[in-house]
Amino acid sequence: MLKVLKFRYFLLALLFVGCGETTEKKPSDTQTEAVSSVEKEDISANENVILFYGNSLTAAYGLDTKEGFPNRIQQRLDSLGLDYKVINSGLSGETTSGGLNRLDWVLNQPVDIFVLELGANDGLRGIPITESMNNLQQMIDMVKDKNSETQIILAGMQIPPNMGADYASQFKMMYPALAKSNDIMLIPFLLEGVAGIPKLNLEDGIHPTAEGQRIVTENVWEILKTIVLPQGGTEVTEEFVEELN
């Protein structure tokens with residue numbers, strides 16, 4: 001019974017990714033506004049840019065954006081004295097197709113590290129794996145074409161087998177396959193330790209709480225730190241960051 005309940009919460013946790021999603025179309029005013037906010041970021045000459053590109057998971061849907069994992073990553077970087085500027089380009093309801101459509105605008109500025117977090121909405125719609133994979137590949141190619149030195153991190157996602165066990169399995173394996181073929185880094189499962197756990201979601205049962213976002217932050221940091229930390233560098237915990245604040 002416990003496993004059944006966990007699965008139900010896992011399904012709900014994935015459904016929230018699609019909140020605010022509309023029919024497929026060219027970039028809307030909302031998307032343009034999201035891109036404009038990226039372009040307006042004040043970035044100093046000595047700062048490296050980390051751009052988080054995704055859906056409502058990245059956008060911290062239902063929370064103050066300060067509680068989302070991109071901002072928590074910024075706090076971690078600041079506490080370590082690392083010159084990185086984090087940009088949150090998350091858009092609720094985004095699909096891989098929508099992400100591909102707006103990516104060119106987002107890449108109008110130099111990006112040193114690009115974290116790609118898209119695909120969950122495709123999975124919930126049952127979009128063919130080949131189509132989602134092709135869209136993700138095109139985005140990876142666009143980032144590399146813009147700047148071959150940009151380091152790309154792909155955030156893995158999983159879906160419940162409501163579209164069939166084979167589809168769910170292929171969807172899960174899409175991410176490590178893309179990471180391997182493109183020689184990029186992979187976050188195995190962005191929602192590891194969060195999906196399916198009621199206390200880590202808001203009262204509606206589908207949106208991660210601030211504590212849930214803390215765990216997602218650690219999932220991201222586990223991979224990101226291998227790029228941003230100097231060899232032999234020292235880490236600090238988030239509890240220490242909060243003490244500084």
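The values are calculated or read from the model by the stated rules, or taken from the named source; none is laboratory data. What you are looking at is a predicted structure, and each value in this text was computed from that prediction instead of being measured. Note that each Cβ is placed from the backbone with ideal geometry, even for glycine, and that neighbours are counted across all protein chains shown. Note: accessible area is taken over every heavy atom of the protein model, side chains too, but ligands, DNA and RNA are not part of it. Shrake-Rupley method; radii C 1.70, N 1.55, O 1.52, S 1.80 Å.
Of note:
- Residue count for segment 48-84, restricted to those that are open to solvent by 50 Å² or more (accessible area, probe 1.4 Å) and not polar (S, T, N, Q): 8
- Residue match in segment 26-38 (condition: assigned to a loop (DSSP other than H, G, I, E, B), modelled with pLDDT under 95 and in contact with a Ser or Thr (Cβ under 6 Å, 6 or more places away or on another chain)): no
- For segment 190-213, the condition holds for no residue, the condition being that it is at pLDDT 95 or above and farther than 21 Å from G62 by Cα.
- Of the residues making up segment 172-203, those that are more than 17 Å from L116 (Cβ to Cβ), without any contact (Cβ under 8 Å) to a residue 24 or more places away in the chain, out of contact with any Ser or Thr (no Cβ under 6 Å at 6 or more places or on another chain) and not basic (K, R) number 1.
- Residue list for segment 66-96, restricted to those being farther than 18 Å from T209 by Cβ and among the small types (G, A, S): S79, G81, S89, G93
- Selection count where residues are under 18 Å from G119 (Cβ atoms) and either polar (S, T, N, Q) or surrounded by 13 or more Cβ atoms within 10 Å (Cβ to Cβ) (or both), scope segment 141-167: 15
- Residues that are open to solvent by 20 Å² or more (accessible area, probe 1.4 Å), closer than 17 Å to V143 by Cα and not charged (D, E, K, R), drawn from segment 89-104: S97, L100, N101
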